[in-house]
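Have a look at the structure below, then the notes.
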Amino acid sequence: MTTKRILVVDNEQYIREVAQICLETVAGWQVITAGSGGEGLITAQAEQPDAILLDVMMPDMDGLTTFEKLQANSATRHIPVILLTAKVQAADHLRYAELGMMAAIAKPFNPLQLAEQIAAALGWSLEK
Amino acid sequence: MRILVVEDDDFIAKALTAVLSSQHYAVEVAADGQAGWELVESFAYDLILLDVMLPKLDGISLCRRLRSHGLKTPILLLTGRDSSHDKAIGLDAGADDYLVKPFDQEELFARVRALLRRGGSTSQPILKWGNLQLDPSSCEVTYETHLVQLTSKEYSLLELFLRNSRRVFSCSAILERIWSFDKIPGEEAVRTQIKGLRQKLKTAGAADLIETVYGIGYRLKPLEAHTASQHQQQTLTALTGVWERFKPRISEQVAVLEQAVAAISKNTLTQELRAKAEQEAHTLAGSLGTFGFGEGSAIAKKIEHLLPAELAAGTKEAKQFHKLVTALRQEIERTPDGLVPAANTNAVAQVLQRADTGVEAVVMVVDDDPQILAILRTLLEPWGLKVITLDDPRRFWEKLAASAPDLLILDIKMPHLSGFELCQLVRDSRWGGLPVLFLTAQTDADTVNQVFAVGADDYVSKPIVGPELVTRIINRLERIKLLRSLAQTELLTVGDRQWHEAALKQAVTENLRLARAVASASDGVLITDPNQPDNPIIYANPAVSQIAGYQPDEIVGKNCRFLQGPDTDPQTVAKIRCCIAERREVKATLLNYRKDGQPFWNELKISPVFSNEGALLYFVGIQTDITERKRAESALRQAKDELEIRVAERTAELISVNERLQLELDERKRTELALERLSRQNQLILNSVGEGLCGLDLQGKITFVNPAAANLLGYSVAELIGQSIYIILPHAKSDNTPYTLADPIYASLRDGTIHQVTNELFWRQNNTSFPVEYVSRPIREAGEIVGSVVTFKDITERQVVERMKDEFISVVSHELRTPLTSIHGSLGLLASGLLKPGGDRGQRLLEIAVDSTERLVRLINDILDIERIESGKVKMVQQTCDAADLMIEAAEVMQSIAEQYGLNLSVTPVSARLLVDRDRIIQTLTNLLSNAIKFSSQGNTVWLTAQNQGDQILFQVKDRGRGIPAVKLETIFERFQQVDASDSRNHEGTGLGLAICRSIVQQHGGCIWAESTLGEGSIFYFTLPISQSSKDDNQTNFGS
């Protein structure tokens, strides 16, 4: 089993860094990051990660638009997307699910469980 | 003016006396009809105020009686009866006017004056005599313009004269008219009053207004316009007229004498001619003097004396006769001169002026000489005497009966029937009391004796001297009046006595019959003899025995006191004894005792019986056993008392019920008023309510709608009333389902509960909708649902606010979670021990945690700060400061950061006096500088300058950074609206800095904006007002 590659898209640098260290340290995945929706689209197409961890609240292009664009692109449509959001209402979860999102993880996330949540959502098994 | 008030009510009588006296009337009061009648009989009044309901003789009867006796005095009926019928009866009975009690004083006075005018000589409301005026309505007397202050009596006196301006009033006539009869003083009083009146008039300028007619009395002096000479002239003209009328007749009479002279000279004087001549001479002697031919009268008298003598031709008597007749002819041929006595002249003048005086009395004059009759008429009429003349004694009786005179004047010598014969006949007739005065030319003792012998009262000699005749007639009439009233009283007394005597005589002759009657009477009859010791009973009829239970022989011989017992009232006994001692009649009710000891109530009536000589003969006692009556009376009284108590109780109950009702009525009225007020208030409240309000009936039709509802829905109130509620409901609900009766807006009508809906749409008339929140409540009446009321409000604005709030919370939530996520993540990893804090990654995580924590703290501070500034919870502490100082201080704060970024900070301080919160303005400046520094490239300059614009200062913070897109220039001052959030340099920013700056500047009354060119840099401006006066130096707080 090859090492999983995760793309973290968030405009907040600290969150990108924390998420990267967290996933790399806890799950041993390979993490690449993007600071905006636009950058995320390019990186996703170029890097073809196994999953994308996408922030919702971003200036210029928010997470949902980025998601739509990822879905619109056949090169990225197959990559599962997990939302990272402050909005955690049930209605939102439902909407995200309808849109084709694999999961939505609430901020602030638990650094030790983040990888587990992603793996659970995508049906991966974690190897220590 | 004298007024008689006949009124039994003492209070009203006193009131009338007081008010009428105040108007200077002399007032007398009679307390009943009979007393009124007696006063009118005896005294003269100008007006009678007559009550209708009177004891003894009622007002209507008295009125009829007065009128039937020819009394012409005005009568004013005063009564409480106000019906037209009563008035008609009063007026038909002879009253002149009618006044209903309670009367108005002013009206009373006016009516009194009107009636007095009617009866008096003048119809003028204001009495005038030359420059003198008397106003009866105000009781004011003025001469020219001077007010003449008079006493009450002086005023009355003057009014009397003015009302009877041509009459002479004797002192007694004045007394009678001006003083009340019970207060009449001596004639001296009249003179005193006249004197006072004259004095006052003289002071006012009206001298000699009242003239003394010597020997008779006083009168108003004729006006200046009728001065003596003019007056004289008038009189003479008048006299000449009279004279001219009678001159042919007198000439004829003298011609008869001349015939006699001719006959004597021829010795052919027949007895017939002699008698005729003597008759004519007699007549002439009587009349000529009166006409002013005093000498002629004397000549005629001499001729009359000569005629019975032998008048042979050539005799000395014949010669004298001839001479006298010649002289008489000469005398009558000349014009009459001022031989007429003064008073006579005036009297004639008065007739000519025709004073309309009331008739005082009727005088009948019988004289065969028409001249005398004419003279008497002219003399007497001015005195208020009605003169009936008769020149033929044969028609005496019919004339007497027709005229019913108060006084008779007879000539002695008349053809067919002499005056003496007439007088005797009158004395023997039913006219026996009529005063008779003789007019005679002869005043010898024989004639005078004969005058009185035939029963005459007085005589006046010819020629007639006016004043003498008038005085005698008036004196006679006044005496007659007095005598008549006395005589009436006496006649009554005599009549009574005669009746008594007759009754006694009858009693004697019918003794037996009476004794039988007395014996069978049911009342007890007792006779006692006061002439015997202890006034014993000398007779008792069987009824006494029956009442008292004693045998007759047990009664006779005893004093009546034997019937008394322990409970007999000693006071009543004393009263009876007292009356008996005083020989008076007594009535009493006494408790007596029968022989068997049974008490009985004895009603006693004891009368003294006198002999013709006045000696006390007996006492007659009539006694009636009234025990039964007493008992009945007592029972009746008790019943009456009980009844009265019950009536009083019932009345009290009624009063209290009435009061309660009144209270209830008052309460109800108050409640109604309160309700009305409340209803008005409710209407006002409903109209003023900002929320829409709709009343629905059971069918969902609008029965009521307030202006706010109509306004919200874009209809008029009238357009909505009666419409179905569907008119305002959405065509479909927000979930696209159609409305049914099951919906909440109807539910209240159905289930009677309250329904609240917070998200609904209502439709306006223009087919637009608006979000509403509504509540539907049932309206119940006596438990039944009769409708519902829907209150609603437009929640558009609220929804906007709520949306903004949601967004803000969402943003804040995101902004807070961002640093928290970093902190939680980094610290969580470190804490797990998976990373060593000493390692590179561990170190980086710590830095992230610290940085994020700082950011979180700033963020929280800024959020709290802007909230407090915008909600006014933070006060701006104003103080005076110089703009330059603020600029320098801000620059100093930012200097180190600028250096850190490798930037140059350029400050050009500008001085301006500001009244601001110093720290907040520095905060604003540092904030702007901080932004400029953050977004500038290394080596660039950031400028802080200012511009004094007079009333404000303009601060500028300029950088050469990358610039702000035009679309963002507005939004950057809103919360969390950073130009580029992904910019790494923005990490320290909270997104609230410019929003805080804007709040601070706005709180100081200034503006903030930005200008920018992309790639070239930005300039941030803000203004602050410059403090204009030292007043602003005082530290004040604002911002709330």
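Can you tell me which of B:Ala884, B:Ala898, B:Ala891 is in contact with a helix residue (DSSP H, G or I) (Cβ under 6 Å, 6 or more places away or on another chain), surrounded by 14 or more Cβ atoms within 10 Å (Cβ to Cβ) and in a helix (DSSP H, G or I)? Matching residue, one of B:Ala884, B:Ala898, B:Ala891: B:Ala898. Taking the criterion of being assigned to a loop (DSSP other than H, G, I, E, B) and either more than 10 Å from every other protein chain (Cβ to nearest Cβ) or in contact with a Gly (Cβ under 8 Å, 6 or more places away or on another chain) (or both), the residues of region A:19-44 that qualify are A:Ala27, A:Gly28, A:Trp29.
Residues that are more than 14 Å from the chain's Cα centre (by Cα) and either within 9 Å of another protein chain (Cβ to nearest Cβ) or at pLDDT 95 or above (or both) within region A:1-11 are absent altogether. Within the option set B:Leu696, B:Leu712, being assigned to a helix (DSSP H, G or I) and surrounded by 10 or more Cβ atoms within 10 Å (Cβ to Cβ) holds for one residue only, B:Leu712. Which of the residues belonging to region A:80-94 are modelled with pLDDT of 80 or more and either more than 14 Å from chain B (Cβ to nearest Cβ) or open to solvent by 40 Å² or more (accessible area, probe 1.4 Å) (or both)? Within region A:80-94, A:Pro80, A:Val81, A:Ile82 meet the criteria. Of the strands (runs of 3 or more DSSP E) lying entirely inside region B:1-88, those containing at least 2 residues that are under 18 Å from B:Glu107 (Cα atoms) are B:2-6, B:47-51, B:75-79.
Tell me, please, whether a residue that is under 30 Å from A:Thr85 (Cβ atoms), among the aliphatic types (A, V, I, L, M) and touching a residue at least 40 places away in the same chain (Cβ under 8 Å) can be found in region B:790-811. Yes: one or more hits. Residues in region B:566-593 that are open to solvent by 80 Å² or more (accessible area, probe 1.4 Å) and either among the acidic types (Asp, Glu) or touching a residue at least 12 places away in the same chain (Cβ under 8 Å) (or both): B:Asp567, B:Lys575, B:Glu582, B:Arg583, B:Arg584, B:Glu585, B:Lys587. Has region B:788-809 got at least one residue that is surrounded by 12 or more Cβ atoms within 10 Å (Cβ to Cβ), within 14 Å of chain A (Cβ to nearest Cβ) and not in a strand (DSSP E or B)? Within region B:788-809, one or more residues are surrounded by 12 or more Cβ atoms within 10 Å (Cβ to Cβ), within 14 Å of chain A (Cβ to nearest Cβ) and not in a strand (DSSP E or B). Only one of these conditions is not met by A:Lys107: (1) more than 14 Å from the chain's Cα centre (by Cα); (2) within 14 Å of chain B (Cβ to nearest Cβ); (3) of a type in the set (Lys, Arg). Which number is it? Every listed condition holds for A:Lys107 apart from (1). Considering (1) within 60 Å of the chain's Cα centre (by Cα); (2) at pLDDT below 60, the lone condition that B:Leu477 does not fulfil carries the number (2).
All of B:Asp104, B:Asp86, B:Asp135 fail the test of being open to solvent by 30 Å² or more (accessible area, probe 1.4 Å), closer than 17 Å to B:Val52 by Cα and of a type in the set (D, E, K, R), apart from B:Asp86.
If I filter region B:822-833 for residues that are free of Cβ contacts under 8 Å to residues at least 24 places away in the same chain and not in a helix (DSSP H, G or I), do I get at least one hit?
Yes.
Across region B:44-87, the number of residues qualifying as polar (S, T, N, Q) and farther than 17 Å from B:Leu4 by Cβ comes to 3. Scoring A:Gly38 on the criteria (1) closer than 26 Å to B:Leu845 by Cα; (2) small (Gly, Ala, Ser); (3) surrounded by fewer than 20 Cβ atoms within 10 Å (Cβ to Cβ) leaves a single failure, condition (1). Filtering region B:985-1018 to residues that are crowded, with 17+ Cβ neighbours inside 10 Å and aliphatic (A, V, I, L, M) leaves B:Leu992, B:Leu994, B:Ala995, B:Ile996, B:Ile1000, B:Val1001, B:Ile1008, B:Ala1010.
Inspect region A:61-69 for any residue being farther than 23 Å from B:Ser826 by Cβ and within 12 Å of another protein chain (Cβ to nearest Cβ) and give the result as yes or no.
yes
The set of residues from region B:811-855 being more than 7 Å from chain A (Cβ to nearest Cβ), within 17 Å of B:Phe976 (Cα to Cα) and modelled with pLDDT under 85 comprises B:Val811, B:Val812, B:Glu815. All of (1) facing another protein chain (nearest Cβ under 10 Å); (2) of a type in the set (D, E, K, R); (3) open to solvent by 50 Å² or more (accessible area, probe 1.4 Å); (4) under 17 Å from A:Leu114 (Cβ atoms) hold for A:Arg16 with one exception: (3). Only one entry of B:Leu741, B:Leu729 meets the criterion of being at pLDDT below 80 and either closer than 16 Å to B:Leu713 by Cβ or surrounded by 11 or more Cβ atoms within 10 Å (Cβ to Cβ) (or both), and that entry is B:Leu729.
Quick grid of which residues meet (1) outside any helix (DSSP H, G or I); (2) farther than 24 Å from B:Thr315 by Cα:
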| site | (1), (2) |
| --- | --- |
| B:Glu252 | no, yes |
| B:Leu257 | no, no |
| B:Thr268 | yes, no |
| B:Leu273 | no, no |
| B:Lys276 | no, no |
| B:Glu280 | no, no |
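Comparison of B:Val790, B:Val800 shows that the only residue that is closer than 30 Å to B:Leu749 by Cβ, modelled with pLDDT under 90 and either β-branched (Val, Ile, Thr) or in contact with a Leu (Cβ under 6 Å, 6 or more places away or on another chain) (or both) is B:Val790.
In region B:282-292, is there at least one residue being buried (at least 18 other Cβ atoms within 10 Å of the Cβ), modelled with pLDDT of 80 or more and touching an Asp or Glu at 6+ places or on another chain (Cβ under 6 Å)?
yes
Tell me which residues, restricted to region B:425-458, are within 23 Å of B:Val213 (Cβ to Cβ) and either basic (Lys, Arg) or more than 60 Å from the chain's Cα centre (by Cα) (or both).
The answer is B:Leu439, B:Asp458.
The values are calculated or read from the model by the stated rules, or taken from the named source; none is laboratory data. Remember, it's a predicted structure, so these values are computed and weren't measured experimentally. Neighbour counts are summed over all protein chains in view; Cβ atoms, including those assigned to glycine, are modelled from backbone coordinates with ideal geometry. Please note that ligands, DNA and RNA were not included when accessible areas were found on the heavy atoms of the full protein model with its side chains. Shrake-Rupley method; radii C 1.70, N 1.55, O 1.52, S 1.80 Å.
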